[in-house]
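One structure below.
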Amino acid sequence: MKNEKTFEEKLKELETIVSNLESGDVPLDLAINKFNDAMNLAKECSEELEQANETVNKLLTKDGNFEDFKGDVNA
Amino acid sequence: MNDKYLTVTQINKYIKYKFDNDVNLKIVYLKGEISNFKDHTTGHLYFTLKDEKSRILAVMFKNNAIKLNFTPTNGSKVLVVGRISAYEANGNYQIYVEEMLEDGIGNLYLEFEKLKKKLQQEGYFDQAHKKPIPKFPKKIGIITAPTGAAIRDIITTINRRYKLVELYIFPALVQGENAKNDIVEKLNIANNYDLDVIILGRGGGSIEDLWAFNEEIVANAIYNSRIPIISAVGHEIDYTISDFVADLRAPTPTAAAEIAVPNIIDLLNYIKQIEIRNSKAILRVINKNEEKLESIKNSYILKNPNNLYEAKYQKLDNLIDKLGFCITSILADKNNRFLNCLNKLETLNPINTIKRGYSISKVNDKVITDIKDIKKDDVLKTEIKSGTITSKVIEVEVSK
């Protein structure tokens, strides 16, 4: 991950930037910066989705801790 | 002689032999109502099964009785499976019960309806109480049996759709007498973690199998959960109290997983769309700026810069005209006043007075206007129309 933001936060930021740009009130130089930001965010979001491995699965044990769950998931 | 006579023991043994050799009595399915129920300290259960017209003794030994998922009482309608044999010591026959279930589909249905109505009236199903299911959960709790189709379906479905989550599995009994307590306990434990959503459920089964999800304490635990809950019990046709109380009902565990997480393909498409919107938006901003520039370049003033001065020229001309007019009128005014003065001067000129026959007398070039200006022996110069007379004053007489 390139920064601390979650996928959801990045997606939200992306939506906000593009909505602002669409409103058409952004000065040209700022608009071009924002356009580039949005393109980078979109790329990061897509990569994050595509590169994610399997989910992390944890099972609550009797002693109240979590251990890796190795259920018959692929059975 | 006495040989003809059997002992009681002998006949009872024979009768028992007959029972035990009858294949029809080796496994018997029986339904009836419990009466004379005795729960012996040894753990064995003794009772009578009856219907409207008839009754039969029944015994259920401890090893089978401990498997019961309900507490039988007098009046319970039950379904039993067992064999029928004779008890030699008492000379009676009875059913040796191996399994016993509440004959309760009808009863259970009534119970379900009763609880549903009650909870509905108490507001347990109110839409206003339902918590929203987050769109992008990071941590999902799963309360179900740790083995079986349900957990497998949930995990594989989530992995197929969206992998950016951690799954926390809280293994729970999902059927049997202890299931309700275990589910409540796991719901409470799960609420201690910062989960975004909980999937609570199990795979399909009979109404009895699903019954834990129709228990009031489970309904309470769901209602009081801090974390939103998706209920997914059984198949699509199965509705449980849990489904009504939960923040969202999913028809199956797989469907619950589909609801809990977004689909990666939808998301990627959505991001693509945003990219397209982004490109269109920046093009629009650029076009707008170009148009603005163009319209400034085409503005009337920039196209006809002369207009900037023409109006000023005209104004300047007006001012010059005005100035000329002002000066002319001032000069004319001055001229008039000069002529007036000349006239006045003409009128007042003493020469003219002399011309009319008057004279002016001076002493030492000073005009005499008063008798005090002159004394005896002064030389007096008198100007008249055609010359000047010089004379000497003989006498000065002041008028009275």
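Could you sort the peptides B:44-50, B:200-206, B:72-78, B:352-358 by per-residue average Cβ neighbour count (10 Å cutoff), highest mean leading?
Details: B:44-50: 18.6, B:200-206: 22.9, B:72-78: 15.0, B:352-358: 10.9.
Most protected by this proxy first, the peptides run B:200-206, B:44-50, B:72-78, B:352-358.
Counting only helical runs of four or more DSSP H residues, what would the 222 nm mean residue ellipticity of the protein assembly as shown come to if each run contributes -39,500 (n - 2.57) and the total is spread over all its residues? Walk me through the numbers before you get to the answer.
Values: 15 runs with 211 residues, N = 475.
The per-residue figure over the protein assembly as shown is -14500 deg cm²/dmol.
Compute the label zone of A:Lys43 within the stretch B:264-284: residues whose backbone N is under 19 Å from the point 7 Å along Cα-to-Cβ.
What the label zone holds, given the 19 Å backbone N cut-off, is B:268-283.
What is the percent of Cα-Cα separations in the stretch B:56-150 that go past 21 Å? Let's see the in-between values first.
Details: 2865 of 4465 pairs.
More than 21 Å apart: 64 percent of the Cα pairs in the stretch B:56-150.
Counting only other chains, and only Cβ atoms inside 10 Å, what mean value do you get across the residues of A:49-62? All intermediate terms of the calculation are to be shown ahead of the outcome.
On the way: counts 9, 3, 1, 6, 3, 5, 11, 7, 10, 8, 8, 13, 1, 1.
The shielding value for this peptide is 6.
For A:Asp63 and B:Val28, FRET efficiency with R0 = 41 Å and r from the beta-carbon atoms, rounded to 0.05?
Details: r = 46 Å, r/R0 = 1.12.
Calculated transfer efficiency: 0.35.
Please give the per residue accessible area of the stretch B:12-116, computed with a probe of 1.4 Å over protein heavy atoms only, in Å². Walk me through the numbers before you get to the answer.
Numbers: 6850 Å² over 105 residues.
For the stretch B:12-116, the solvent-accessible area averages 65 Å² per residue.
Which of the trypsin sites (Lys or Arg not before Pro) across the stretch A:2-34 are loop residues per DSSP, with 13 or fewer other Cβ within 10 Å? Each step should come with its number before you reach the end.
Numbers: sites: A:Lys2, A:Lys5, A:Lys10, A:Lys12, A:Lys34; in loops: A:Lys2, A:Lys5.
Listed in order of number, the matching sites are A:Lys2.
So who's got an amide H within less than 5 Å of the one on B:Asp103, skipping anything under 5 residues away but keeping other chains? H placed 1.01 Å off N, in plane.
B:Lys77, B:Val78, B:Leu79
If I stretch the segment between B:Asn289 and B:Val8 completely, what's the gain in nm (0.36 nm per residue apart, minus their alpha carbon distance), one decimal?
Numbers: separation 281, 0.36 × 281 = 101.16 nm, distance 11.58 nm.
Here the segment from B:Asn289 to B:Val8 would lengthen by 89.6 nm.
Along the stretch B:243-252, what does the Karplus equation 6.51 cos²θ - 1.76 cosθ + 1.60 (θ = phi - 60°) give for ³J(HN,Hα), rounded to whole Hz, x for Gly and Pro?
Going residue by residue, I get 4, 6, 7, 4, 5, 8, 9, 10, x, 9 Hz, with x marking Gly and Pro.
From the phi of every residue in the stretch B:123-131, what ³J(HN,Hα) in whole Hz does the Karplus formula 6.51 cos²θ - 1.76 cosθ + 1.60 yield, where θ is phi - 60° and glycine or proline is x?
x, 5, 9, 4, 4, 5, 7, 6, 8
Based on the alpha carbon coordinates of the stretch B:1-108, what radius of gyration and maximum Cα-Cα distance (Dmax) apply, in Å?
15.8, 62
Between chains B and A, what is the buried accessible area in Å², counting both sides, with a 1.4 Å probe and ligands, DNA and RNA left out, to the nearest 100?
Values: alone 27630 and 6580 Å², together 30570 Å².
Summing both chains' loss of accessible area gives about 3600 Å².
Can you tell me the accessible area per residue over the stretch B:165-289, all protein chains present, probe 1.4 angstrom, in square angstrom?
Ligands and nucleic acids excluded, the result is 40 Å² per residue.
To the nearest 20 debye, what charge dipole does the protein assembly as shown have about its Cα centre, counting +1 at the Cβ of each Lys and Arg and -1 at the Cβ of each Asp and Glu? Don't skip to the end; give the middle numbers.
Values: 66 positive and 68 negative charges, 541 e Å.
The dipole of the protein assembly as shown has a size of about 2600 debye.
In chain A, how does Rg compare with the Kirkwood Rh, expressed as the Rg/Rh ratio over alpha carbon atoms? Don't skip to the answer; put the middle values down first.
On the way: Rg = 19.5 Å, Rh = 15.5 Å.
Reported Rg/Rh, Kirkwood definition of Rh: 1.26.
Out of the stretch B:78-133, which trypsin sites (Lys or Arg not before Pro) are coil in DSSP terms and have no more than 14 other C-beta atoms within 10 Å? Kindly include the intermediate steps, with their values, before the conclusion.
Details: sites: B:Arg83, B:Lys114, B:Lys116, B:Lys117, B:Lys118, B:Lys130; in loops: B:Lys130.
In loop regions of the stretch B:78-133 (DSSP not H, G, I, E or B), the sparsely surrounded trypsin sites (Lys or Arg not before Pro) are B:Lys130.
At 0.36 nm per residue, minus the direct Cα-Cα distance, what do B:Ile384 and B:Glu166 gain on full extension? Give it in nm, one decimal, please. The partial results should precede the final answer.
Values: separation 218, 0.36 × 218 = 78.48 nm, distance 14.14 nm.
In short, 64.3 nm is gained.
May I ask you to derive the FRET efficiency for B:Val363 and B:Ala332 from their Cβ-Cβ distance with R0 = 51 Å, giving the value to the nearest 0.05?
0.65
Give me the percent of accessible area attributable to carbon and sulfur for the protein assembly as shown, probe 1.4 angstrom.
Values: 16390 of 30570 Å².
Of the solvent-accessible surface of the protein assembly as shown, carbon and sulfur hold 54 percent.
How large is ³J(HN,Hα), in whole Hz, for each residue of the stretch B:367-379 in order, when computed from phi with the Karplus curve 6.51 cos²θ - 1.76 cosθ + 1.60 and θ = phi - 60°, using x for Gly and Pro?
5, 8, 10, 9, 5, 5, 6, 9, 9, 4, 6, 4, 8
Could you calculate, for the stretch B:235-282, the ratio of the Cα radius of gyration to the Kirkwood radius, expressed as Rg to Rh? Display every interim value, and only then the final one.
Details: Rg = 17.3 Å, Rh = 13.3 Å.
For the stretch B:235-282, the value is 1.30.
Once the cut-off is 41 Å, how many percent of the Cα-Cα pairs in the protein assembly as shown end up in the long-distance tail?
Details: 67505 of 112575 pairs.
Of all Cα-Cα pairs in the protein assembly as shown, 60 percent lie more than 41 Å apart.
Once both axes come from the Cα atoms, what is the angle between helix B:105-121 and the longest principal axis of chain B, in degrees from 0 to 90, rounded to 10?
Relative to chain B, helix B:105-121 is tipped by roughly 20 degrees.
Nearest 10 degrees, 0 to 90: what angle lies between the long axis of helix A:7-23 and the longest principal axis of chain A (Cα atoms)?
The helix A:7-23 is inclined about 20 degrees to chain A.
For B:Ser225, what residues show an amide H to amide H distance below 5 Å, using hydrogens built from the backbone and excluding near sequence neighbours?
Correct list: empty.
Relative to the longest principal Cα axis of chain B, at what angle does helix B:307-348 sit, 0 to 90 degrees, rounded to 10?
On a 0 to 90 degree scale, this one is about 30.
Counting only protein heavy atoms, probe 1.4 Å: which residues of the stretch B:268-315 lose 50 Å² or more of accessible surface in the full assembly compared with their chain by itself?
For the stretch B:268-315, once contacts with the other chains are taken into account, B:Leu268, B:Ile271, B:Ile274, B:Glu275, B:Arg277, B:Asn278, B:Ile282, B:Val285 lose 50 Å² or more.
Which whole number gives the average count of other chain Cβ atoms within 10 Å of the Cβ atoms across peptide A:36-42? Mind showing how you got there, number by number?
On the way: counts 2, 1, 7, 5, 0, 4, 8.
That average works out to 4.
At 1.4 Å probe size, with every protein chain present, just tell me what the per residue accessible area of the stretch B:315-400 comes to in Å².
On a per-residue basis, the stretch B:315-400 sits at 91 Å².
Excluding B:Ala86 itself, what net charge comes from residues whose Cβ is under 10 Å from its Cβ, given Lys and Arg +1 and Asp and Glu -1? Present the calculation step by step, with values, prior to reporting the outcome.
Working: positive: B:Lys13, B:Lys16, B:Lys18; negative: B:Asp20, B:Glu88.
Value of the local net charge: +1.
Given a cut-off of under 8 Å on Cα pairs at least six residues apart, what relative contact order in percent is computed for the stretch B:317-400? Don't skip to the answer; put the middle values down first.
Numbers: 73 pairs, mean separation 16.7, N = 84.
About 20 percent, as a whole number.
In the stretch B:300-343, which trypsin sites (Lys or Arg not before Pro) are in a loop and have at most 15 other Cβ atoms within 10 Å, using DSSP for the loop call? Present the calculation step by step, with values, prior to reporting the outcome.
Values: sites: B:Lys303, B:Lys312, B:Lys315, B:Lys322, B:Lys334, B:Arg337; in loops: none.
Of the trypsin sites (Lys or Arg not before Pro), not one in the loops of the stretch B:300-343 has a Cβ with at most 15 other Cβ atoms within 10 Å.
May I ask for the longest run of chain A untouched by GluC sites (Glu not before Pro) that are loop-located per DSSP and have at most 11 neighbouring C-beta atoms (other than their own) within 10 Å?
Values: sites that count: A:Glu4, A:Glu54.
It runs A:5-53.
Name the long-range amide H neighbours of B:Gly205: under 5 Å, sequence gap of 5 or more, or other chain; modelled H, no Pro or chain starts.
B:His235
Between B:Asn349 and B:Lys114, what is 0.36 nm times their sequence separation minus the Cα-Cα distance? Round to one decimal in nm.
Working: separation 235, 0.36 × 235 = 84.60 nm, distance 13.98 nm.
Extra length from B:Asn349 to B:Lys114 when fully extended: 70.6 nm.
Per-residue Cβ counts within 10 Å, from other chains only, averaged over B:229-240: what number is that?
Working: counts 0, 0, 0, 0, 0, 0, 0, 0, 0, 0, 0, 0.
Shielding by partners across B:229-240 averages 0.
Among B:171-183, B:209-221, B:16-28, what's the highest-first ranking by average C-beta atoms within 10 angstrom per residue? Mind dumping the intermediate values first?
Values: B:171-183: 19.2, B:209-221: 21.5, B:16-28: 12.2.
Result, highest mean Cβ count within 10 Å first: B:209-221, B:171-183, B:16-28.
The values are calculated or read from the model by the stated rules, or taken from the named source; none is laboratory data. Since the model is a prediction, treat every value here as computed from it, not as a measurement. Counting neighbours? That spans all protein chains shown, and the Cβs are built from the backbone with ideal geometry, glycine included. Just the protein is used for accessible areas: all its heavy atoms, side chains included, with ligands, DNA and RNA removed. Shrake-Rupley method; radii C 1.70, N 1.55, O 1.52, S 1.80 Å.
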